Amino acid sequence: MTAPWLVALDVDGTILLQDETMSPGVPEAVARLRDAGHVVTIATGRSWMATRRYVEQLELDAEYVVCSNGAVTMRRVGDDWERWNVETFDPSPALALLRERLPDARYMVELASGQRLFTDQLDDWTLDGGRRVSFEELAAEPVSRIVVVSPGHDEEDFHRLVADAGLNEVSYAIGWTAWLDIAPQGVDKGTALERVREELGLVGERVLVAGDGRNDIGMFGWARALGGRAVGMGQAPAEVKDAASEITDDVVDGGLASALNTLPAPAQVSAGE
C-alpha cells in the first residue's frame, strides 16, 4: 500500500459524546484504518490515566499516545506503557496570579511522574492515586499541567482572566465544560505529534487530526503547515472551525466516522488469494 497516514484524534467531543459513549461509527471507522496499516492514535487533554481505557476500547495498536495537551507522550513497551516524553514548568508564577484572582477555585497539578496533587475534590477528574495538599504544596516541584476549576465562571470569564493575569509564560486551553488547563510554554498537541511523526518517520502531508476544542487549534496549525488535514467537528466554536482545513458533522451525528471514512480503505483481496 501507499505510505500510511498518521491519524490523531481528540477524545471529548470527537471520539466521545458527553455521556462518554462512542460517537456513532467511530469504532468501526478506526478499526478499518488500523487494519489498513494507518497509524491511529489519540491526542487529548486528558491524563494518561483517563485515556488508556479508550486506547484499549478502540483496540489501537499505535506505539505513541499524546496526553495532557501535549505535555505527556506515552510509548508502548511490550504490554505496558512508559512516559516517553514529559514537558514540565515551574507553576509558581501562574498559581500566584490565579489565586489572586480566583481565591475560591479548586486547583490541581500533574507532576512529571503522573501523580496528581489537588486542593479540593474536582468532579469529573480522575484523581486515583492523587494526594490532597495545601495550595502552597502545589508549587513545590515542576509540573506538566495546572488545572483550575471555578464553579460559577464560564469560558468567557476564563479568557478574560488569562488576559488580565498576563499568563504569557504558559500555554492554556479551556475545557469543553469550562476549566482552565495550563501547559508549558510552546507545548500543545501539535508539538507532541511532530515529535511522534519524526520518531516514526512518517510523511508530513499524510497526517489527519480531528478535534472540537480550543486546545486542538495548535495541532490544526501543525497539520495544515505540513499539508495535512485538520478536521473540525461540526459543534466546535467558530474560532476552532476557522483553524481547521475542513469541517465534518457534529459528534452526535457521527462526524468523526464520516471524516475517517474518506481515507483509503484496506486493499481488497481478490478471490482465490
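Where a number appears in this text, it was derived from the coordinates with a stated rule and is not lab data. A quick note: this is a predicted structure, and the numbers were derived from the prediction, not measured. All Cβ positions, even for glycine, are placed from backbone atoms using ideal geometry, and neighbour counts span all protein chains on display.
Sorting V209, V203, V40 from the fewest to the most surrounding beta carbons within 10 angstrom yields V203, V40, V209. Of L260, L226, L95, the residue with the greatest mean-square motion in the GNM of the chain, using alpha carbon springs below 10 Å, is L226. Cβ crowding within 10 Å ranks S68, S134 as S134, S68, fewest other Cβ atoms first. Rg over Rh for region 92-184 works out to 0.92, using Cα positions for both radii and the Kirkwood form for Rh.
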